[in-house]
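Peer 1: Supplied in C-alpha cells, the structure appears directly below.
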Amino acid sequence: METKQLTVAVPGEPFDSAAGAPPPVVTAVAGARRLVTACVERLASVGVLRGAPAARTGRAGTGALRPPAAVVAAPARTSPTHRALLARIDQAQERLAIQEDQLARYAAILSATDDAIITVSLEGLITSWNSAAEELYGLTESEVLGRPVTIFEGAGAPDLLQEIENVAAGGATAFETVHLRGDGSTVETSWILSTICDRAGLPSGVVGVARDIGDQRTRDAEFHQESKLESLGRLSAGLAHEINSPIQFVGDNARFLEEAYEELIRVVGVYRGLLDTSNPIGWMERQERVREAESSIDFDYLQKEIPSAVAQTLEGIERVSTIVRAMKTFSHPGHKEHAPADLNEAMAATVTVARHQIREVADLSLQLSALPPVRCNIADLNQVFLNLIVNAADAIEETGQRGLITVATAVDGEDVVIRIGDTGGGIPDDVRAKMFDPFFTTKDVGRGSGQGLALARGVVQEGHGGGLTVDSVLGQGSTFTVRIPISGLPQESPVGADLPGSSVSA
C-alpha cells in the first residue's frame, strides 16, 4: 500500500513551485478529502450509512445522509485508527441508550409514586415538581417552578430555607409540619430532605420527599382505639366475673338484712306493746313475752351476723366501685396533650382490670414505689401496661404451670421505670428479633393480632421519648422494662397550631 505524506502549508512560509509539487494547502485538502472518503466508506461497510433509515442529510428533518453510490459500493478500507474510532462511537451510542433508559425509568418512577418529590436549589427556588406534588399541594408545575419553596409555608411551620441550609451543610433531616395548599386549606405532611451533589461531590441542591400523613394519623387513632377494644373484649368475661362475685354476696347479704330487719321490727313491736300502760300486766308475764319474742328470732345469731353482713356488703360495693373506677381509668379516651399523671394509680387500675385473667394462671406481686407525677398520655400508657401484663399471663399459661407475675415501679434519675416480669418459658432469639414487628405473633389465631408490642413500643418511644426493652432467659421467663421521662417530651407548641382548622398533636 502506497504511503503518501501530507504537507500542510504554514502561513508565511514559501514553497518550491519549481519542483513541480502542488502547493502544501492543496496537498492538505486532498489528503483530508481522502481521509473523509475512507471514513465514509468504512461506515458504509459496517452498515452505519449504507441503507440506514432516517439518517440526517445536514438539514433538519430532510432525511438520510446518503453517501455517493460510488462511495457506498467501494470496498471498505480499514485501519486500526478507523476501527478504534468506530468502537468509540459504538460505546458512546451504547452509553447514551443506557442513560436514556435510566432517565425514562426515573421519570416513570417520579410519575408513579404517591409521594411528592420536589427539588430545590441552594437558594431555595423550586427546580422540579412531580405530579404527586401537584395533587398534594394543589399547585401545578408551571405555578411553582422558579418560585421560593416558602410559598406553602404556614404559620408555625418549620423554616424550610433554614432546613435546606442545614441539609446542604451535610446529612439529611426529617420532620412533620402543616403546609398551605393552593386553595388556602392546610395539609399535614411529613418531610425528608437530602442533599443533591454534583460530580465533584459538592452540594448543588436539595431533594424533598413529602407525604400526606393526615389520613395515616386518623387511621392510627382508629387502630389504637380498636386495639383497646380488642384488649377489653378479651378481658370482658373476667371483668364480668370480677363484678358478678361481689354483686352476688352483696345481694345475699341484702336479703339476709331484710329478713333480720323484719324479725327485729317484730320484736320491737312486742317491746312497744309491753310499754302500753292501758293494759297493765304483771312483771312475770312481761318477762315471759320478751323471752318468747327473742327466742323466736335467735337474737344472739342476729347480733353476730348482722354486723358481718353489713361489712361484707360494704366490701362488695367497694370492690365493684374499684373495678368500675379501674375500667373508667383504663378506658378513658384521654387527650392528645400530655398531662401529669400518677403511674402507680394507672398500674393498679390496669392490674384490677386484668386480675381475673391473671388469677387463673399466676400469682401477682405488686411492688409500687413512691413516684412523682409523670407528664404523659395516661390512656396510652394504660394500654401499654395491659398489653404487657396480658402477654405475661399468656406466657405463663403456655408452660402449663402456675407462675408469678411481678409488677414493680421505681425512679431512676430523670426517668420512671416500670418492670413487668413473668416466670414463663422465655423468648427464643429468633422470636425476639421480630417480636416488635407489626402483625407478628406466636399466639393461636383469634388470641392476638400481633399489634400489641408494636403499639407499645410506638407509644413509649415515639409518643413519650422513652424506651421499651426486654430481657429473657429460656426456661426462666422474661422481664419487660418501660422507661418514661418524668418531664415527658419537650413542651413545644403544636406545629401549625396557628392555622385555622388544624389539629396536630404535640
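Every number here is computed from the coordinates shown, using simple stated rules; none is lab data. Given the structure is predicted, the values throughout are model-derived calculations rather than measurements. Neighbour counts are summed over all protein chains in view; Cβ atoms, including those assigned to glycine, are modelled from backbone coordinates with ideal geometry.
Peer 1: For the stretch 251-263, take each phi angle, set θ = phi - 60°, evaluate the Karplus expression 6.51 cos²θ - 1.76 cosθ + 1.60, and give the result in whole Hz per residue in order, putting x for glycine and proline.
Peer 2: Values per residue, Gly and Pro as x: x, 4, 5, 5, 5, 4, 5, 5, 5, 5, 4, 4, 5 Hz.
Peer 1: Could you sort the peptides 408-417, 87-96, 254-263, 386-395 by per-residue average Cβ neighbour count (10 Å cutoff), highest mean leading?
Peer 2: 386-395, 408-417, 254-263, 87-96
Peer 1: Could you list which residues have their amide H under 5 Å from that of residue 213, counting only those 5 or more apart in sequence or on another chain, with H placed in the peptide plane?
Peer 2: Close amide H contacts, sequence-distant or interchain: 188, 189, 190.
Peer 1: Could you list 431, 320, 120 in order of exposure, starting from the residue whose Cβ has the fewest other Cβ atoms within 10 Å?
Peer 2: 431, 320, 120
Peer 1: Something else now. Report ³J(HN,Hα) in whole Hz for each residue of the stretch 131-137, in order, from the Karplus equation J = 6.51 cos²θ - 1.76 cosθ + 1.60 where θ = phi - 60°; Gly and Pro get x.
Peer 2: Rounded to whole hertz, the list is 5, 5, 5, 4, 5, 5, 9.
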